[in-house]
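Okay, structure first, notes after.
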Amino acid sequence: MKAISLDQPQQFRRIEVPEPPAPGAGEALVRVHRIGICGTDYSGYLGKMPFFSYPRIPGHELGVEVLAVGDGVENVRAGDRCSVEPYMNCQQCFACRRGNGNCCENLKVIGVMTDGGMRERIILPERKLHPANALTPEQCALVETLAIGCHAVDRGNPTAGENVLVIGAGPIGLSVIEFANLSGARTFVMDMNEQRLAFVREKMGVPDTIFARGDGAELEQLKAATDGNLAQVVIDATGSNKSMSHALNYVGFTGRLVFVGITTLEVSFAHPLLHRREMTLLASRNAHPRDFTRIVKLIEEGKIDTRPWITHHAKFDEMIDAFPAWLKPESGVIKAVVEL
């Protein structure tokens, strides 16, 4: 069957791979219908993703259909449309035993550390499939992106009456915004791209945006809008070490700073500011199974509108040629989806 391999940075290749075997106990054979492209895919393509290894069949944001199931499978059946939780955790390590499989010590994320869904069919554990028969295949492929934002907001734990600043309005930032809005807090969004900020205002209903020029005016604008209190929760979704190093400046007294973006470079800051304001610094990695369940329900109930998200499409055979253009800010990509 056909597949796409990222052999090394900036080098995709069409390949043929063997058909998967029949599903074993606790497994399902699924057909891949849609593959979302996210920042991890772009970073892997550019050679900037620390957890990525090569050669690799990418694809971890998947909308799939169950074709067959193995013994003991009860969660799904043939014909079910599902979202995929791509975090293959060992279930045995300290983190897993504590219910934190999202940061398993032996974690293998499909499409990143092990081969993913940029192919026609794949075997997956039943426990990683989330039935979503009321969703379209494209919506199923969006669930994982939304789950990243859901978990990041849970880490920051904003409440009604607090201010949340989301730094970075790319796909992960947008997923953070969805759940910041649902928290009841007042959401601010900062980005260096005015086109992205316009999208946030017009499509996501967030009026409070801050255009980052890098001249210090951003901090003054946030102070003015919050009576000098700044943000009780700041979530940096840029993946930029410069932005992450500077993000503490926007955190108010006793506030929380969440890093959901990832960088291979050093993040540094002077300690006195962190200490004086008694900040809490948090990392956010991947998401929990409950996040997937919650998101499927929110989409079904119309509480998350996925229509503005998907801005670009490509057929499977067009993906290699289309991919480089999606890296360019002027392309206006929010979310690109590959169709199989």
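The values are calculated or read from the model by the stated rules, or taken from the named source; none is laboratory data. Note that the structure is predicted; figures quoted are calculated from it, not measured. Backbone-built Cβ (ideal geometry, glycine too); neighbour counts: all protein chains shown. Note: areas computed on protein heavy atoms with side chains; ligands, DNA, RNA excluded. Shrake-Rupley method; radii C 1.70, N 1.55, O 1.52, S 1.80 Å.
Between Glu194 and His313, the simple label model (points 7 Å from Cα in the Cβ direction) yields a spacing of 3.2 nm.
Taking the chain as the region of interest, the number of lysine pairs whose Cα atoms are within less than 24 Å, with members eight or more places apart or on different chains, is 23. Sorting 86-94, 321-329, 176-184 by average packing, meaning the other beta carbons within 10 Å per residue, from highest down gives 176-184, 86-94, 321-329.
Counting only alpha carbon atoms, the long axis of helix 137-156 and the longest principal axis of the chain meet at about 40°. Where does the charge balance sit around Glu85 when Lys and Arg score +1, Asp and Glu -1, over other residues with C-beta under 13 Å from its C-beta? Here the count lands on +1. Amide H contacts of Thr306: none lie under 5 Å away among residues 5 or more positions distant or on a separate chain (H built 1.01 Å from N in the peptide plane; Pro and chain starts excluded). Counted residue by residue at 0.36 nm each, then reduced by the alpha carbon distance between them, the extension gain from His271 to Glu105 reaches 56.9 nm. Scaled against 2.2 N^0.38 Å for its residue count N, the alpha carbon radius of gyration of the range 203-340 is 1.30. Calculate, for Thr280 and Glu120, the FRET efficiency according to 1/(1 + (r/R0)^6) with r their C-beta to C-beta distance and R0 51 Å; round to the nearest 0.05. So, using R0 = 51 Å, E works out to roughly 0.65. For a test of the definition: using alpha carbon positions, the gyration tensor, and the 1.5 limit on a/c, classify the range 252-333 as rounded, prolate or oblate. Here the range 252-333 falls in the oblate category.
Rg/Rh for the range 96-151 (Cα atoms only, Rh after Kirkwood) is 0.97. Excluding ligands, DNA and RNA, the accessible surface per residue across the range 206-316 is 52 Å² with a 1.4 Å probe.
For the range 1-138, just say rounded, prolate or oblate: build the C-alpha gyration tensor, square-root its eigenvalues into a ≥ b ≥ c, call rounded for a/c under 1.5, and beyond that prolate if a/b exceeds b/c, oblate if not. Since a/c reaches 1.5 but b/c is at least a/b, the shape of the range 1-138 is classed as oblate.
Phi angles across the range 47-52 convert, under the Karplus curve 6.51 cos²θ - 1.76 cosθ + 1.60 with θ = phi - 60°, into 3J(HN,Hα) values of x, 10, 9, x, 9, 7 Hz, Gly and Pro given as x.
For the peptides 227-240, 19-32, residues were scored by their other Cβ atoms within 10 Å and the scores averaged per peptide; the highest-first order is 227-240, 19-32.
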